[in-house]
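Report on the following structure.
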Amino acid sequence: MKRFKTRAQAVIALVVIIVAAAMTFYHISQDKRFTHERTEHASEAIRLTFDAIVHDVEHFYQFRSPALLNSAEVLKAIRESDSDHLYRLILPRYNALREENPYLTIMQFHAADGCSIVRIHMKARHGDNIAARRPMLREIHANHAMISGFEGGLGGIAFRVIVPIFDQGNYIGALEYGLDTDYFIQRIKQFA
């Protein structure tokens, strides 16, 4: 009888160990699956939020551009690469845009040949062939279509929205807006 009792206790102990191990393994695997699903969900939410922010930024500056460019004087200054006159015409508008969004750190006008006409954010520096160094600018000068994305420049990496400038159907250059990358971090935090 004593032997049977010892065997029964050993079998029960073995069953308890096996069940405990199975339950532990199950909980660990479920926890890993839950963590993986939560991470995937968070990544997807951030991606969707980022895409929505990019869409908003593109549309905001795309629709602001005609107001900046809807002037014979501005178009003439661009055509003639008159940086001083263009700077004086655009500076108040740049300041107003910066009041709306302080993360706007770059506003630059480019001639159709790829040279900088004027950096509103850095007036003293202009005339350089910036398209030679920047793929996004080469693309807009080749395709004459709006482009956006992150790209490095003199002031570092920024999210850039570059819109083509036309005068009576002729491509005469591009207008570039650049947002500090912190803008995206702050906006994503708002959605979190």
Quiz item: Which of (1) in a strand (DSSP E or B); (2) over 18 Å from SER81 (Cα atoms); (3) open to solvent by less than 70 Å² (accessible area, probe 1.4 Å) does MET136 not meet, given it meets every other one?
Solution: (1)
Self-check item: Residue under evaluation LEU154, criteria (1) in contact (Cβ under 8 Å) with a residue 60 or more places away in the chain; (2) over 14 Å from the mean Cα position of the chain (by Cα), criterion not met
Solution: (1)
Exercise. Would you tally the residues in region 162-181 being under 17 Å from the mean Cα position of the chain (by Cα) and either within 16 Å of ILE140 (Cβ to Cβ) or assigned to a strand (DSSP E or B) (or both)?
Key: 7
Quiz item: Can we say PHE159 is closer than 30 Å to ARG187 by Cβ, in a strand (DSSP E or B) and not polar (S, T, N, Q)?
Solution: yes
Quiz item: Right, ILE157: touching a Lys or Arg at 6+ places or on another chain (Cβ under 6 Å), aliphatic (A, V, I, L, M) and either buried (at least 21 other Cβ atoms within 10 Å of the Cβ) or at negative phi (or both) or not?
Solution: no
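For region 66-115, give me each residue that is aromatic (Phe, Trp, Tyr) and open to solvent by 20 Å² or more (accessible area, probe 1.4 Å).
In the first step, residues of region 66-115 are kept if they are aromatic (Phe, Trp, Tyr); the result is 87, 94, 103, 109.
Matches in region 66-115: TYR87, TYR103.
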Quiz item: Out of curiosity, is PHE184 in a helix (DSSP H, G or I), aromatic (Phe, Trp, Tyr) and either touching a residue at least 24 places away in the same chain (Cβ under 8 Å) or open to solvent by less than 10 Å² (accessible area, probe 1.4 Å) (or both)?
Solution: yes
Quiz item: Looking at region 139-154, which of its residues are in a helix (DSSP H, G or I) and exposed (fewer than 13 other Cβ atoms within 10 Å of the Cβ)?
Solution: ALA142, ASN143
Practice problem: For region 56-75, state whether one or more residues are outside any helix (DSSP H, G or I), without any contact (Cβ under 8 Å) to a residue 60 or more places away in the chain, small (Gly, Ala, Ser) and farther than 20 Å from ARG125 by Cα. | Solution: yes
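The values are calculated or read from the model by the stated rules, or taken from the named source; none is laboratory data. As the structure is a computational prediction, the values presented were derived from the model and not from experiment. Note: ideal-geometry Cβ built from the backbone for every residue, glycine included; neighbour counts use all protein chains shown. For the accessible areas, the whole protein counts, side chains as well, though only heavy atoms, and no ligand, DNA or RNA atoms are used. Shrake-Rupley method; radii C 1.70, N 1.55, O 1.52, S 1.80 Å.
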